[in-house]
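Only one structure is covered here, and it is reproduced in the block below.
The values are calculated or read from the model by the stated rules, or taken from the named source; none is laboratory data. Computed from a predicted structure; not experimentally measured. Positions of Cβ are backbone-derived with ideal geometry, glycine not excepted, and every protein chain shown enters the neighbour counts. We work out accessible area using only protein heavy atoms, side chains counted, and drop any ligands, DNA or RNA first. Shrake-Rupley method; radii C 1.70, N 1.55, O 1.52, S 1.80 Å.
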Amino acid sequence: MIPKTTDMSSTKAIISAAASAAATAMLLLSIAKEFIPNELRQYVYFKFTTLLDSFSSELTLVIEEYDKLNHNHLFTASELYLEHIIPHNAQRLKICLPKKENNISVSLQENEEIIDTFNGIKLKWKFISRKTPVKFIPSPDQYSKMPVTEEMFFELSFHKKHKNMVLDAYIKHVIKKSKEMKEKKRTLKLFTLSPDRMTGRRGETWQSLNLDHPATFDTLAMEMEEKRMIMEDLERFVKRKEFYKKVGKAWKRGYLLFGPPGTGKSSLIAAIANYLKFDIYDLELTDLNTNSELRRLLISTGNKSILVVEDIDCSIDLQNRNAEAGALRPQPSRGYTQERNKVQVTLSGFLNFVDGLWSSCGDERIIIFTTNHKEKLDPALLRPGRMDVHIHMSCCSPCGFKTLASNYLRITDHPFFVEIEELMKTTTITPAEVGEQLMKSEEPENALRGLIGFLERKKIEDEERKKRENDESKATNEEKKKRENDESKAASEESGITEAEVSQKQKMENGDI
């Protein structure tokens, strides 16, 4: 069918009118940009969009990155939540690897939208980013400011009738899921004291690095019953937040690991951290000068963390309670010296840190103390509430040896196992020594043969040491007995002379002589 000439003319007229209108609009827009101030244009645009919104049934919530000068935690929660619901067919995504992290973060590109559903409600998320004039906000250390030139926010749109449900239920759902995502992506950290902490900046109190220690309860050279007991105690602790609150106790747990060097105390700490997904704070008491510094360090530690005080018997003099009075007593001034001016952390200050009011500054914390000599510790430290669980890290047992053989040699049985276990019953050897011997060869038979030779030599050394100790003890006892006999003989002779002199004096007084 051939179109009529009049229809073609009308179509050309419409196209011409549309082009003319577009050209006029472009001209007006260029004139507006040239002569109308930007603030006025934004105001007119805002009024126009507000007018259109008044006729719409859609409600939009704006979640900005910063609330005035403070960071908006709901913005971070939204980022984590949206990463969980990003569709597989998304066209453009933004990825990054944060500093000191192991997991890649995925987020929306600007102006991208995501549709979510919750309890049958359809919700639309949109990420917006735009340049803004520079403004300064507080940095994480709260002592300086950093410039911000970009404004980022999320727009959450839904039907107005669902407003209450979104605010009461959906936002809580977003926060809960974001916490789960954060725990899943979390990279464990090992914190040590920062050399710049004396500046007073909270953000510089600790310095961190990734905790990549591979120790787990499966790889620990301990008795299975001991490992099971520790894991059950840890699981019970993390599940009893409301119980601790009900009984009026701070949500914390204290462990004491004691035993000879090389028995796996550090490996057990790493295994606990990997099991609970807790960060570790390594506290060196010898680097502290005052109780107030100790409190400041405690406050700056995070929740879900393990505070480690290694070699507590060597870190600080906690046995002598009278040392506190000596530390507080004014000393005569004889010139300035660094040692005289240094103030140590006192026992009372340390106990208040472990089990006093300051110990409640934070939730879900574990404090682990290690020592090679439990008997040197003050009894005040050993009671429940400070060191709740005492774990003896003993020398390597046959069960521990089998775990190490599985770890190092990837074997669970071998004809040499019987001989090794018999030697271990008469010889003391630490897991560290066993591991060192098993590392000397990748061939199981050669490694086990070398361990047998090491155990035999160690057995001979132990027997010689015991014999030497017995001889020394015997010689000491004989010397002590001889010295006691000599002292007794001398006392007897002195006593006899004295008695003779007294008898002679009495006779002279009586006129017998």
Subset of the range 386-421 that is of a type in the set (Ser, Thr, Tyr), in contact with a helix residue (DSSP H, G or I) (Cβ under 8 Å, 6 or more places away or on another chain) and in contact (Cβ under 8 Å) with a residue 12 or more places away in the chain - its residue that is farthest from Lys458 (Cα to Cα): Tyr408
Kindly list, by first and then second residue, each pair from a residue in the range 27-39 that is modelled with pLDDT of 70 or more to a residue that is open to solvent by 70 Å² or more (accessible area, probe 1.4 Å) and not small (Gly, Ala, Ser), limited to pairs with Cβ atoms under 9 Å and residues at least 6 apart or on different chains. Ile36/Val44
Return the total of residues in the range 217-242 being over 16 Å from His390 (Cβ atoms), surrounded by 14 or more Cβ atoms within 10 Å (Cβ to Cβ) and within 19 Å of the chain's Cα centre (by Cα). 3
Taking the range 369-425, which residues are of a type in the set (Val, Ile, Thr) and open to solvent by 80 Å² or more (accessible area, probe 1.4 Å)? Thr412, Val418
Among (1) in a helix (DSSP H, G or I); (2) open to solvent by less than 90 Å² (accessible area, probe 1.4 Å), where does Lys245 come up short? (2)
So if I check each of Asp363, Asp462, which one is in contact with a Lys or Arg (Cβ under 9 Å, 6 or more places away or on another chain) and at pLDDT below 90? Asp363
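Mind counting the residues in the range 107-122 that are open to solvent by less than 40 Å² (accessible area, probe 1.4 Å) and under 12 Å from Leu82 (Cα atoms)? Spell out the reasoning first.
Looking only at the range 107-122, we keep the residues that are open to solvent by less than 40 Å² (accessible area, probe 1.4 Å), and these are 107-108, 114, 116, 118, 121.
Applying the additional criterion that residues be under 12 Å from Leu82 (Cα atoms) yields 107-108, 114, 116.
Number satisfying all stated conditions: 4.
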Return yes when Met198 is open to solvent by 20 Å² or more (accessible area, probe 1.4 Å), assigned to a helix (DSSP H, G or I) and either of a type in the set (Val, Ile, Thr) or modelled with pLDDT under 90 (or both) and no when it is not. yes
Which of the residues belonging to the range 105-134 are under 25 Å from Asn38 (Cα atoms) and among the hydroxyl-bearing types (Ser, Thr, Tyr)? Ser129, Thr132
Counting only residues that are farther than 30 Å from Ser56 by Cα and either in contact (Cβ under 8 Å) with a residue 40 or more places away in the chain or outside any helix (DSSP H, G or I) (or both), which one in the range 160-178 is most open to solvent (accessible area, probe 1.4 Å)? Lys177
Residues of the range 201-211 satisfying the condition of being in a loop (DSSP other than H, G, I, E, B) and at pLDDT 85 or above: Leu211
Extreme residue, farthest from Lys184 (Cα to Cα), among residues of the range 87-103 that are open to solvent by 100 Å² or more (accessible area, probe 1.4 Å) and among the hydrophobic types (A, V, I, L, M, F, W, C): Ile95
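Run down Thr60, Thr149 and say which single residue is open to solvent by 50 Å² or more (accessible area, probe 1.4 Å), in contact with a helix residue (DSSP H, G or I) (Cβ under 9 Å, 6 or more places away or on another chain) and modelled with pLDDT under 90. Give the steps one after another, and end with the answer.
On the way: Thr149 fails: in contact with a helix residue (DSSP H, G or I) (Cβ under 9 Å, 6 or more places away or on another chain).
None of the other options fit; the residue is Thr60.
Give the residue, chosen from Lys425, Lys402, that is assigned to a helix (DSSP H, G or I), modelled with pLDDT under 90 and of a type outside the set (A, V, I, L, M, F, W, C). Working first, answer last.
Numbers: Lys402 fails: modelled with pLDDT under 90.
Only one candidate passes the filter, namely Lys425.
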